[in-house]
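Heads up: the structure comes next, in structure tokens.
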Amino acid sequence: MIKKLVMILTAMVLVCGLILAINSGNQSIVLSDDQEQYRYRNNSGNGLTIQWIGTAEGSDKAFQSLKTMCDEINIVSGGRLVLDFKPVGELCPQGEVFEAVDQGNIDFAVCDLISLDSYYPVNQIIANRGAGMSPMEKYQWLISGDGTELLQQTVADSNIYVVPGGGLITTPETFLCSGVPIIEPTDLEDLKIRCAGDMGVVLDRMGANTMFLPGSQIYDAMEMGGGMEDGIDAFEYGSAYLDRTMAFYEVAEYMYLSGVRVNGDFMPLIVYQVRWDELSADLRILIEKISREHVTKYYGELCQCDLEALWFFENYGCTVEQLSNDVEQAFLTEAEIFYDEKAIDYPGLYADILESQREFQENFRAVWPRP
């Protein structure tokens with residue numbers, strides 16, 4: 001059963017962040033101390049700074065993938081581009097990256113759409129609409145559909161350029177990890193579940209008692225159990241790989257797999273418009289092409305990490321299963337009703353994006369039912 005799961009984990013993941021500086025001519029990629037100091041200043045026309053930010057923060061695999069991508073761009077550009085990166089927080093506080101790019105304080109960033117409260121709810125259906133497209137469908141919607149154009153419209157009042165196909169797309173999250181079996185929709189009733197975002201609202205509407213906890217508190221809350229005031233019965237956190245890094249196999253007997261809740265997150269690669277306009281056409285294409293190439297490679301690594309994590313959970317003694325069809329269909333039905341109501345509350349761009357995603361998914365699956 002586990003081997004089959006890797007076929008479902010289809011998405012595209014790209015850059016988790018980076019810092020980019022442009023040198024004129026064919027200078028050496030190794031910079032002097034003065035150049036190193038200069039390149040991280042916010043100056044006009046002499047350098048680009050791309051900051052790495054996103055859910056892959058601290059991930060060794062994301063870090064190495066980014067380094068490889070930077071090395072390739074350095075080589076292909078013939079030294080005209082010198083790529084580097086820094087962890088989130090070194091150039092601006094986490095959660096303020098979009099504003100920093102918009103103001104031109106930094107030039108490039110991979111931005112977490114979920115953190116942009118001022119752009120809610122449009123940001124959330126692009127980032128990770130529940131009951132939505134698979135990661136592969138979402139990526140195709142962004143690069144061959146009208147996804148990037150619609151995303152650009154959401155930030156039309158800013159100084160932001162969205163790089164087509166650039167950013168980060170993750171593998172699907174587990175539906176829930178639980179201390180009790182979840183077989184029927186009624187099993188969710190009164191279940192204390194740690195959950196966040198719109199899909200937490202959907203679970204609430206299905207009868208669950210949802211709440212938010214920081215990731216660092218989930219383990220202890222699961223140890224206490226739902227019968228305790230501060231305890232929980234189940235939770236969502238991330239992909240199987242991330243769940244393993246948190247040692248959740250020690251506190252969750254059951255792991256239920258389905259992409260209907262969060263089928264991978266998307267975080268776009270955004271650029272300060274002035275800086276993008278300063279680039280020559282060939283350098284823009286270079287950034288777009290090479291960054292896209294690394295989406296597939298890195299995503300494949302994430303799939304393998306998830307697969308190994310699922311094997312680990314099973315070998316540890318956890319029950320790893322596909323979510324039952326009854327629960328999945330009940331969730332899908334409630335989620336679609338939720339989004340229909342949202343489209344009424346937020347007419348215009350939100351409704352346009354929802355319609356675009358649904359139409360693209362329907363057309364895509366008419367040809368490839370298991371993308």
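Since every read-out is calculated from the coordinates, none of them should be taken as a lab result. This one's a predicted model, so the numbers in the text were calculated from it and none came from an experiment. Backbone-built Cβ (ideal geometry, glycine too); neighbour counts: all protein chains shown.
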For this session: Would you please give the FRET efficiency between Ala156 and Val76, computed as 1/(1 + (r/R0)^6) with r the Cβ-Cβ distance and R0 = 30 Å, to the nearest 0.05?
Result: 0.40
For this session: Can you tell me the order of 95-103, 343-351 when each peptide is scored by its average per-residue count of other Cβ atoms within 10 angstrom, highest first?
Result: 95-103, 343-351
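Based on the alpha-carbon gyration tensor of region 93-170 and its eigenvalue square roots a ≥ b ≥ c, which shape applies: rounded if a/c is under 1.5, prolate if not and a/b is larger than b/c, or oblate?
On the way: a/c = 1.83, a/b = 1.56, b/c = 1.17.
Prolate.
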For this session: From the P(r) of region 242-347, can you give the percent of Cα pairs sitting at distances over 25 Å?
Result: 52
Problem set entry | Model label zone, Ser144; criterion: amide N under 15 Å from point 7 Å along Cα-to-beta-carbon; scope region 238-266 | none
